[in-house]
1. Here are the criteria: (1) hydrophobic (A, V, I, L, M, F, W, C); (2) surrounded by fewer than 20 Cβ atoms within 10 Å (Cβ to Cβ); (3) in contact with a helix residue (DSSP H, G or I) (Cβ under 6 Å, 6 or more places away or on another chain). Tell me which single one residue 110 does not satisfy.
2. Taking residue 125, is it part of a strand (DSSP E or B), touching a helix residue (DSSP H, G or I) at 6+ places or on another chain (Cβ under 9 Å) and of a type in the set (D, E, K, R)?
3. One residue is enough: does the range 185-193 have a residue meeting the conditions touching a Cys at 6+ places or on another chain (Cβ under 6 Å) and in contact (Cβ under 8 Å) with a residue 40 or more places away in the chain?
4. Select, from 259, 237, the only residue that is free of Cβ contacts under 8 Å to residues at least 40 places away in the same chain, β-branched (Val, Ile, Thr) and either out of contact with any strand residue (DSSP E or B) (no Cβ under 8 Å at 6 or more places or on another chain) or within 28 Å of residue 155 (Cα to Cα) (or both).
5. Please find, among 64, 58, 44, 88, the residue that is in contact with a Pro (Cβ under 7 Å, 6 or more places away or on another chain), more than 18 Å from residue 126 (Cβ to Cβ) and not assigned by TED's automatic domain parsing to the domain that holds residue 162.
6. Any residue at all in the range 96-104 that's closer than 24 Å to residue 154 by Cα, of a type in the set (Asp, Glu) and surrounded by fewer than 21 Cβ atoms within 10 Å (Cβ to Cβ)?
7. Counting just the residues of the range 145-201 that are in a strand (DSSP E or B) and among the polar types (S, T, N, Q), which one comes out nearest to residue 230 (Cα to Cα)?
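The values are calculated or read from the model by the stated rules, or taken from the named source; none is laboratory data. Please read these numbers as outputs of a predicted model, since none were measured by experiment. Cβ: placed from backbone, ideal geometry, glycine included. Neighbour counts: every protein chain shown.
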Amino acid sequence: MRKTTYWLGVDLGGTKMLAALFNEKFKLLAERKEKTSGHDGAKAVVGRLQELITGTVADAGLTARKLAGIGLGVPGPVNVLTGAVLSAPNLGWRNLPLQSILERNCHSPVRVFNDVDAGTYGEFRFGVGEQARCVVGLFPGTGIGGGCIYDGQIFRGREHSCFEVGHMQAVPDGRLCGCGRHGCLEAHASRLAIAADCAAAAYRGQAPTLLELAGTDLREIKSRTLAKSIAAGDRAIEDIVRRAARQLGVAAASIVNLIAPDIIVLGGGLVEALEKLYLEEVRAAVLQHAMPLLGERVKVRAAQLGDHATVLGAAALVAEARGKS
């Protein structure tokens, strides 16, 4: 009898980590989720990650040694040759050799990818991407992540992951971004930027529902809170979110002019909570700002896979790297 092949995908974020075990047909066999805290330090987070991997495969009656490969999606840029995480501010990591650490401790082949690259690949292979020639993923959240699949391959640099859409210049001499530069898209259109503007509107008395739901605490102004506020009639909040979505669409139009993608996939918590609004604004901005020949042809779609996009994409990518996808 032919031996069954197992792949594990992991989505490592600043607040949670998700591991999912798949068979060779990428059918889900087991999954586990744990909280993440960058304040605990790299050693503690990696230790918890290893426990999550071991526990997930144990749920299916296996050990990590039985895995054909482990694929991880991590926030921030990655050295694609060594699997080192170059910078993950939410985790407090810099130049962490994550791939070599896990290969040594889990006794399985490991590949590390940028999380949005992996999520976009997941949508390309198994979701709304339809395995098109060129798929661009835009994921607004605490920051703004971008990924691109071109001719079936992740668009990347010679050594490093790239497609850092969140750090495209959106407003010359605009707000200070976490990267240290001014005017980045992320500084004006991320959930954090939206929450800051909405908190100010609530403080001024322009958003009574939001003030009641979350006050002016940025930590409490979450995607679904914004959706409830808009549904209840907080017009100022809707205007703020629409402006941010439009800025994302203008950036998308520039990408369309450069590489003519077939599909733009919008994902992340903001899009899940406010899908209709984001699709409307991004589509309209692409039609207005992209060259007509290119803008009229690109499809703008909401992601389908939710939390499983990155784990599926990471698992499929490590399978491809091992020559069995």
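1. For residue 110, the exception is condition (2).
2. Details: part of a strand (DSSP E or B): no; touching a helix residue (DSSP H, G or I) at 6+ places or on another chain (Cβ under 9 Å): yes; of a type in the set (D, E, K, R): yes.
No: the conditions fail for residue 125.
3. Checked against the condition, which is being touching a Cys at 6+ places or on another chain (Cβ under 6 Å) and in contact (Cβ under 8 Å) with a residue 40 or more places away in the chain, the range 185-193 yields at least one hit.
4. Result: 237 is the single residue among 259, 237 that is free of Cβ contacts under 8 Å to residues at least 40 places away in the same chain, β-branched (Val, Ile, Thr) and either out of contact with any strand residue (DSSP E or B) (no Cβ under 8 Å at 6 or more places or on another chain) or within 28 Å of residue 155 (Cα to Cα) (or both).
5. On the way: 64 fails: in contact with a Pro (Cβ under 7 Å, 6 or more places away or on another chain); 58 fails: in contact with a Pro (Cβ under 7 Å, 6 or more places away or on another chain); 44 fails: in contact with a Pro (Cβ under 7 Å, 6 or more places away or on another chain).
Answer to the check: 88.
6. Yes, some residue in the range 96-104 is closer than 24 Å to residue 154 by Cα, of a type in the set (Asp, Glu) and surrounded by fewer than 21 Cβ atoms within 10 Å (Cβ to Cβ).
7. Among them, the one singled out is 169.
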